[in-house]
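Written out below as structure tokens is the structure these notes cover.
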Amino acid sequence: MTTVLIVDDQPLQRYGFHLLLDSVPETDVVGEAAHGAEAVRKAAELRPDVVLMDVRMPGMDGIEATRRIVAAGGRSRVLVLTTFDLDEYVHAAIRAGASGFLLKDARPDELLAGIRAVASGDAVIAPALTRRILDEFTQYVPAHRGDAAEDPRLVSLTDREREILVAVGKGWTNGEIAARFVLSESTVKTHVGRVLAKIGARDRIQAVIFAYDHGLARPNAD
């Protein structure tokens with residue numbers, strides 16, 4: 001059972017999401033919030049697996065609420081949902097620590113699959129969209145990147161784990177990584193889990209940011 005907190009300033013939107021999530025047995029809506037400050041408070045109180053987060057809301061917006069929920073270090077992962085397909089929202093949400101980003105015109109099955117993915121610690125953005133976002137994301141990467149040779153998190157990685165991190169940074173799926181390195185997908189999943197733990201990343205999206213920040217990934221790299 002995946003517990004979900006719905007955050008949206010539109011009552012009708014919250015009602016629609018609630019109906020959808022109530023229609024499947026594997027999700028349980030534990031609460032709703034109409035603005036960012038309420039979302040932060042309820043996330044701390046209810047400790048949901050997933051926070052379904054709107055972006056534009058009165059007062060504290062969804063980006064700042066995401067940042068505060070993630071910074072609190074709790075179990076909740078944030079899936080951002082918005083009607084605005086603007087790059088600055090995607091980048092800001094990912095930088096704030098969101099584990100995924102979907103538009104509100106996503107199909108119900110896509111939303112449910114996204115919630116499951118985020119709850120399991122994976123990224124919800126589809127591989128093709130991930131690559132497009134990452135290409136654009138490099139515009140927002142600081143000019144000064146961390147020295148990969150000196151970062152103790154990278155030093156702790158084995159050669160194979162470093163290869164896996166580079167592949168994740170390129171937006172490859174577990175299946176693509178398995179095919180490239182002639183590994184089983186279960187082995188790749190194990191490697192990815194170890195990489196995330198060693199670099200202190202909550203999910204693949206944060207691992208991608210880490211790879212870009214340390215110069216291990218770049219736009220349109222093969």
Exercise for review: List the residues whose amide H sits under 5 Å from the amide H of residue 2, counting only those 5 or more places along or on another chain, with H placed 1.01 Å from N in the peptide plane.
Suggested key: 27, 28
**Study point:** the range 1-113, accessible area per residue, ligands and nucleic acids excluded (1.4 Å, Å²)
**Key:** 45
Review point. For labels at residue 176 and residue 150 in the simple 7 Å Cα→Cβ model, what's the distance in nm?
Key: 3.2
Review point. Where only protein heavy atoms count, and the probe is 1.4 Å, what is the accessible area per residue for the range 159-204 in Å²?
Key: 48
Review point. What are the lysines whose alpha-carbon lies under 24 Å from the alpha-carbon of residue 189, with same-chain residues fewer than 8 places away excluded?
Key: 170, 198
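Averaging over every viewing direction, what projected area does the convex hull of the Cα atoms of the range 37-88 cover, in nm²?
3.5
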Revision key, fill the gap. Convex hull around the C-alpha positions of the range 159-222: the volume in Å³ per residue is 76
Check your understanding: Using a 1.4 angstrom probe with every protein chain in place, what is the largest-first accessible-area order of 91, 18?
Key -> 18, 91
Review point. What per residue convex hull volume, in Å³, do the alpha-carbon atoms of the range 44-125 yield?
Key: 90
Practice item. Can you sort 89, 212, 15 by 1.4 Å-probe accessible area, starting with the largest? Key: 15, 89, 212
Review point. Once fully extended, how much extra length lies between residue 1 and residue 120, figured as 0.36 nm per residue of separation less the alpha-carbon to alpha-carbon distance?
Key: 41.7 nm
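The values are calculated or read from the model by the stated rules, or taken from the named source; none is laboratory data. Treat the numbers as computed from the prediction; the structure is a model and nothing was measured. Positions of Cβ are backbone-derived with ideal geometry, glycine not excepted, and every protein chain shown enters the neighbour counts. Note: accessible area is taken over every heavy atom of the protein model, side chains too, but ligands, DNA and RNA are not part of it. Shrake-Rupley method; radii C 1.70, N 1.55, O 1.52, S 1.80 Å.
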